[in-house]
Every structure is written in C-alpha cells, then in structure tokens.
Amino acid sequence: MNSSISRRDLLRFAGGGVLGLLLSPLPWKVLDDSAIWTQNWPWIPEPSRGPITWSASTCSLCGAGCGVRVRSSNGHPVSLAGQAGHPMSAGTLCATGLLAHHLACHPSRVLQPIRITNGTERTAADMATIVAAIHAAHSASTSASPAIAVIDSRPGRAASRLLMELAHQWPSAAYGVAPQAGRARTDLIRKHFRTAVPEFAADIQHARLIVSFGAPLVDGWGTAATARTLLAETSAHPRPRLIQIEPVRSRTANVAETWIPVTPGTEHVCALAIAQAIIEGRRMKSAVRARAEDAAALAAFLHDLDLPPAVRRCGISDARILEIARSLSDEPASVVVASPAAPEEVQSAVLLLNLVAGTFFREGGLRPLPEIPGAARTTDARTLEDFDDHSLSVIILDESAAGADIPAAVFGQKLKPGSGIVVSLSPFAAPRPVPIQYVIPAAVWGERLTDVAGTSPAGEISVGLAMPVMPARPDTFDTAAFLGAVTGTSQPSTEEILRQRIAAIWSGRRGMVYDPSSPTLRPVHAFGGTDALWSVLQSGGCWIDGPRPAGSMPAFRFLPAGLAEHLTKRVAATKAATAPALALVITSDPLRRDQAFDATLMSKVRDESGLYLPCGSVAIHPTTAEAHNVGVGDDATLSINGTTLPVHIACDSSVPPGLVSAMDGDGPVALAQSKISDRSVGSVASATSAPSVIPVTLWKA
Amino acid sequence: MVIDLDRCTGCGACVIACAVENNVPPAHEGTTPRTGLTWMRVVRVDDGRSFPDTRSVFVPLMCQQCDHHTPCVSVCPQNAVEYDEETGIVTQVPVRCLGCRYCMTACPYHARYFNWWDPEWPAGMEQTLNPDVSTRMRGVAEKCNFCHGRLQAARAKAAAGSRPLAPDDYQPACVEACPTEAIVFGDLNDPRSTVSAAASSPDTFRLLEHLGTGPKVRYRSRSAAVRESLTRNSVSSEKEQVHG
C-alpha cells in the first residue's frame, strides 16, 4: 500500500478544509463579532442612562400655551409630549414644540456676550462695555424724544412689566413692542365702535362654519390645538365646515371642506361681495341692523362700488359667493377670519363681513378677550416703527422669547446714523439681516422660570408657567437679571412678579385652574389661596378664564371715517389692474416664524424629506414651468425693486398655474420683503437650463 | 396601525417625535432626501386631477410591518431582521447588520434607511438622547420598529405587575404626537379594539396591496381616487425615484 501523500491529496485536503470551515459556524461567528465590535466605536455617542423622571410644564416657544409632559433621564429632559387633557392644547404639541428641549444645545446658541461686526464677525464682548454704551446713550440724551427704545418681542409676559418699568425709570427710554399679529386688527375693530371694546378672538372651537381668507389655521407651530379642533372629529364635537379662500393650496386649504382659489390681491373684493350678497338677500339679522348706525349707508356704498367687474377678477363665481353668504347667514356659530399677514384692505373687508354677518359677541364667532389680572397693559404700546426717524442711540431688543420679526430696514431708519447700536437679549446669534451689534446670552425654554399667556382655540385666555427642567447655563440672563445688570439695581425676579400676578388672579376669583395631577378643571375659588394656586401652576397646570357671557353688541358703524375711501380706492385699483404675466405670492414658512428657534432636528422635515419648501425657493406649477422653460432645481434670480436675489425653482402642483409662490423666512426672500412696501414688479430669471425670464408682479399675501 | 389620510395636515410632528424617540441623528452635511434618515416621513401625493380640482393628501410613510413573505427578512444574510411572532412587528437588529443593503433593495415601500455617516449631534445634545434606544453607527441599515424601546418598557412594566401585556400599554411616538389623532394603534387581532374597527372600515386600504406582503399598516381615505392610486401605485418620493 502506497502511503505517500501526493500533491493532489494535499490540494484535496486543503479544499475540503476550506469548504468545511465555510460550512461551520466559525466564519459567521467571526463576521458577527466583528460587526458588533465595529459598531461600538468609542466616538459614537451613547445615551446617558439614569433614573427616569416625569414632570409637567408649559411650552413657551409661542403664545399658544401648550401643556408639556417632560421625560427626563439623569435630570436632563430626553423627550417632550403633550399633556393629555390640557385645556389649551388637548394633548398636542407642534413639531417645533416637540424639540424645545434641544434648543439648549443649538449650534447658534450664545453663552457669553458677543459683539458682531460687519454682520457676521463675532468676538467675545465685555458686559461692562455694553452697559457703558447704554449708559452713555442715557446720559447723553437731551432731546424730548427718547434715545433708548426697549422693544419687547412678546408683550404680556412678566418680563414685559420689568421692561416697562425700566422705561419709566429712565426718562430717555421708552417701551415698545414688536409688531403684533392681532394688534392691527384690534385697532381696526375699535374704529367701528363708539364705546371702548376689548380685543377679540375667533372662537374656532365652537364655530360650525369658518370662512377663512388665507388664515393659516393648521399651518405651522402654535396651531396643533387648532388642527385638533378642526380635524379630530368626535360625536360630541363634529367637524366644523371650513371654507378656505386662498390663492395657493396651503396645508389649511388642503384639509378644508372647500378650497376656493382666489386671484391674489382680490380677497377684499370677495369679502365685500359676500357682504353685499347678505344685505341684498335681506339676510342681515335684525339684531345687527338694530345696533348699526349706518346700515343704509353701507348698502348704498356697496352698491356704488359696482363690485361685479372686480368680482370677475377674483376668479370666484357669483353662485359661490351667494352660497357662502347664505351659509354665513344661516349658521349662528360662524366666523370669518383672515391671515394676520393680509394687507389692511383685506382685514377691513373681513371685519366688515363679520359685522354684516353678526358674528361679534357670539359663541362660535368673535368673542371679547378679557384681560389677564395683574398683567401689564401693552395694547397701546408703540412699535419700533412709531419712534422718530434717526432718533435712537440704543435699541434694546428683548428676544428671549420668540416674537414677530421687525423688518431689518426699520432699524436703520430709527437709529442715529453712525452711532446708534442695537443690543439683543437672545439665546441665539444666527446670521440675520438685522444690524445687531451686541448679543447678551438669554436662557432658553426649560432653563429658567418664565410665563406664557396664551389664547385657546375657544378664544379663552390662560396663564401657564414654563418651569426649569434642566440646569441653566451659568452665564445666561433672563430679562430681570439683564435689566439688573444694565441699571445696576436689584430688580424683582420673574418669580416675584408672577406671584403678584397669581395673587391678582386669586383675589379676582375668576376662571378655572387645570390641575394635571387630577387632571381636572376646578374654579379658582376652590383653592385655598395664592400658594395653592402657585403650587398647581408650578406642577404644569394653568389658569384659564371662565366662560364669558356672550355679551350684547354695542352700537357700531359699518363705515368709520376713512374706511369707505380706502376700500373704494382699493376696489378701483383691482378693477384697473392689468393682469400680470405671473403673480408673485410671498408666503411664510409655517414652521420658521423665527429662524433662531428652529432646532437642529428640524432637518427631518426640511433637508431630509422635503416636507417643507426651503426658504429662498420659489414654487411654480409644472405647467407654468413648462411654459416658461424652467426646470425643477434650476438656479434663478428673483428681482424685486432693483434687489436681485438667488433662489431655487421648485415645481409644486399646489401652486395654481399663473402664480409664483416664494417662501419667506431667513433666506434671501425675507431680505427682499423687508424692502417692499407695496405691490412691486419684478422678475424671476432662470440661469440653469435654457435662460428665461419670468416677469412677475408681487402681491403681498 | 391605521392612518386616516383625511386628517393628516402634513405638519411633521410624527416625523420629529419619531426622530427624538429613536435617537435618529440630525442631517449630516450634504444629506439629501435620498440619504437622510427618516424612519417616518410624510410625502404629499396629488390625486392626479388638474387645477383647480386637484387635491392632495399627505401620506405618513414608515415600515409597513409586512406580514407574509416579509421581503427584508427573507433577503437578510445576517438574520439582522426578525419577525416577532407575538406582536407581528418586523424588528431590525443593527449590531448584526453588515450593511449589504439587500433589505433596502427588497423593500417595496422604500422604508429602510442606511447610515451613510457616523451619527453626530451638536455638542451637549447627547444628553437629550433617549436612554432606552441605542445609537447606530455608519454602515448599518435601520427602520421603524413601532418604537421597540417603548414596547420593551411596557413589557417590563407589565411583568413587574405580574400581568400580560395589554394592547393599550404602549403607543409609538408618532401616534402620541399626532395632533389630529390621524394615527390609531393597537391590536388588529382584537375585534373590540379601536384599531380593528378602523381597519374594517370600507375606506381602509393597504399600500401596494397587490404585492401580497400583507402590511399591518393600513390607510384610510374617503376619496376613492386616493384609495385607488395608493393601492396600486407606489408613493412617489425622491428616494423612490432614485432607488427605483
């Protein structure tokens, strides 16, 4: 027997060995272990694990006052959710609110005073230098007009009272507010009444019919509770009818029972035509007619306007207008609302329609808002635009709470040329066109105690407390601390002011208090005193005003001084307008009312999914793109009033043919809008594919 | 799970809640809708009619939790995708994943995502990570698992109480976050559950029903055009256009 091993045997053995090894679990085990090993690199962040705790608070990012349930690990919040049963939000939070606990780590976060030069260069600044600059302006002021404007981004807070007190202490300083969405409307309403009337809010929760002229009822942050009211149908609360009259099919238009596309810039004509249809159909209620001083004059005015030629430009049929008029007259719980950004003629016409339809002082209509006990009255405060031109040495902006943006151009108009400075108390220093020289670091949500005065979808007011749920950064300021540093005096703390407010609520014995531990609504008088109220609010509860009597309609005029002339002029302009090649509509990013409060993880709905159109882009219907030879993603330039801005073109079938929808925000479009005062002519020029120029006419929506 | 498309406003709250709950990192520089990590995404779908009759719906898209012949399970060479017989949830085991992306190719709903980069959070934000969910690294696929961390916590709680897991013991983050209650979650096998009642509505349908994958995520819409379109056609998104 030949026992020698041949070369072939060796090869067979080696081949069999390899095959056997492959069929054994060993290679798979090696792969598995190496996979586990390679997926646990030390630089991959691991969650911090520790005791889990739950607490309740209130979201303070906007004025909606939503209840928040906070889940914390190791004393740091890891997730937020709505408080089920909360009277303001009914368990909802918007996308922005869900990320409130991420703002403390925002890449634009400011943690020490900084100086900004040339718009972008940032260097560390000394607080003493900033205070010295403010004091210099204060002491150098000799003229009668104020040299320091203290601008409150969110009036109605406890901090607002401190800001007002500073203005009282310093003769050279004056208190002002950022433009308030509802304030212009309140001013317009007051012109109709001879007696003083409070602010009004639309009672969306009890309305059975809502006619909306572009109001973003479900778009963006702060609207989660309204969205639930409008869409979450139950047997106790059937879904209200929503008629959305808007040029672009927005998210609200998308979920409305009826969307009526209207030619941009003709919304006021549509509202006036509906009012006229109610009057001519003899559908005006006798109670309204009895309180009106000039019903006959209104009928004559609308007749003289000769609306039909203008109505034809709206793109809405007469039958549709009659149908809306009939629905508004037949439904007692109905209300007409307009976009807060709508121009004055639209606001005026919508108010007139509300008066004609008799929606004021009615459940499901426009209900008067009571004042919050103990709150500083800010409704009559001036805005930055009301100050004299080139009169201010210092503008102090309290941006510790997100509020309305002030157009960049206004700052340059109000500051003293060459010497004026802007100091912002803000948690962030994201690049923006506002000429801010100094940023003082402010606390963000969850770091320090602050208060939220909100309005519910039912038009009820509330007060809630945003409690500290994480350690505050040591060098950040709240308004009280900042003013203490500026004045060199001891200011009352936010807690002291809030306790005074709670004491005022207790002494008034008005309203109900939501207790999240029960969770129930109990009347204020059922509590033992201020301390018991304070304790409930600290635990995430809120005070909400009680049911208000419907109230009776005071005497009013349909046409206060100047309104008839204004509307006549605007209707005539609509009739005379030549049809633009394309109408440009600037809309706001519903999730980015304040860019700085946009958490990093919002990339999920922007860059990573395209759910929201990016700022600095224009959207057109595919047929429009084809007609003008532009393609998706084309680079283009948007020119308005001589300002040329880079934009991207996106095709969007929700934009009707004939329109160009530009997304507003912190991008280049916002820069353009700040320089636009009225209807302007411009163009969108595509440079990517075959060069083409689209002439556009801007209609401010 | 049943999603009422007539109630979805496309607000994105579900997308954000999902990312927070599951420690999905923010976009890396250069991320596009093709390469992003969105276990839950919302896509707008038009009904195909021309202006002004056109209407659109927002469709929340996540793993459809296929029931039969689950494509991703059958193609995974590493057993990194498992089908939980008790709950019917298709789970992903990232530590087993080799990154071959067969599962992404096999998934007809394009509901799987690949970590093209190591996860990064802005400094300090790692403190906000959910302690119940591990982070994943570059090179592995991931997807919606109906908030497995919440399920495990609910199981632990039920076990501590010496009782079986009840269908109402937990809800995924997207269900909890939806402001309009468009998403209903529960036990489809329990005929008394709300989700069962919703699933038996004649308005209810499944995406790409003809493929026979038996998704356990159902959709509903009163619009016949929407039902017809989504039952037969794939939901168009940039990711799908690229992946085919």
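Values computed for the structure shown
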item: Surrounding net charge for A:P656, when Lys and Arg each add one and Asp and Glu each subtract one, Cβ distance under 14 Å; result: -1
item: B:W117 long-range amide H proximity, modeled H, under 5 Å; result: B:G139
item: Length-normalised contact order for chain A - Cα pairs under 8 Å, 6+ apart - percent; result: 17
item: Global form of chain B, assessed from the alpha-carbon gyration tensor, a/c cut-off 1.5; result: rounded
item: Extension gain from A:R377 to A:E495, taking 0.36 nm per residue of separation minus the Cα-Cα distance; result: 40.6 nm
item: Mean Cα-pair separation over length for chain B, i.e. relative contact order, pairs under 8 Å, 6 or more apart, %; result: 27
item: A:K191, B:K216, A:K569, B:K143 arranged by Cβ crowding within 10 Å, fewest neighbours leading; result: A:K569, A:K191, B:K216, B:K143
item: Phi-based couplings in Hz for region B:197-205 (Karplus 6.51, -1.76, 1.60; Gly and Pro marked x); result: 4, 5, 5, 8, 5, x, 7, 8, 8
item: Gyration tensor (alpha-carbon) shape descriptor, region A:80-150, a/c threshold 1.5; result: oblate
item: Exposure proxy ranking, count of Cβ atoms within 10 Å, fewest first, for A:D219, B:D169, A:D152; result: B:D169, A:D219, A:D152
item: Region A:52-105 shape via C-alpha gyration tensor axes, a/c threshold 1.5; result: oblate
item: Angle between chain A longest axis and helix A:494-508 axis [Cα atoms, degrees, rounded to 10]; result: 50
item: Rounded to 10°, Cα long-axis angle of helix A:158-169 versus longest principal axis of chain A; result: 60
item: For region A:238-248, Karplus couplings with θ = phi - 60° (6.51, -1.76, 1.60), whole Hz, Gly/Pro x; result: x, 5, x, 6, 10, 10, 9, 9, 7, x, 9
item: For residues of A:97-109, the mean tally of beta carbons on other chains within 10 Å; result: 4
item: Nearest-ten-degree value, helix A:563-576 long axis tilted from longest Cα axis of chain A; result: 60
item: Percent RCO, i.e. relative contact order, over region A:52-105, from Cα pairs under 8 Å lying at least 6 residues apart; result: 29
item: Gap separating the Cα centres of region B:41-89 and region B:140-214, nearest whole Å; result: 14
item: For A:V660, distant residues with modelled amide H under 5 Å away; result: A:A583, A:L584, A:V585
item: 3J(HN,Hα) from dihedral phi, region B:129-144, Karplus parametrisation 6.51/-1.76/1.60, rounded to Hz, x for glycine, proline; result: 6, 5, x, 8, 10, 6, 7, 10, 10, 3, x, 10, 8, 8, 6, 5
item: Sequence of B:C147, B:C18 once ranked by neighbouring C-beta atoms within 10 Å, starting from the fewest; result: B:C18, B:C147
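Rule-based calculations on the coordinates, nothing more; no lab input. Computed from a predicted model, the values in this text were never measured in an experiment. Heads up, the Cβs are rebuilt from the backbone with ideal geometry, glycines too, and the neighbour counts pull from every protein chain shown.
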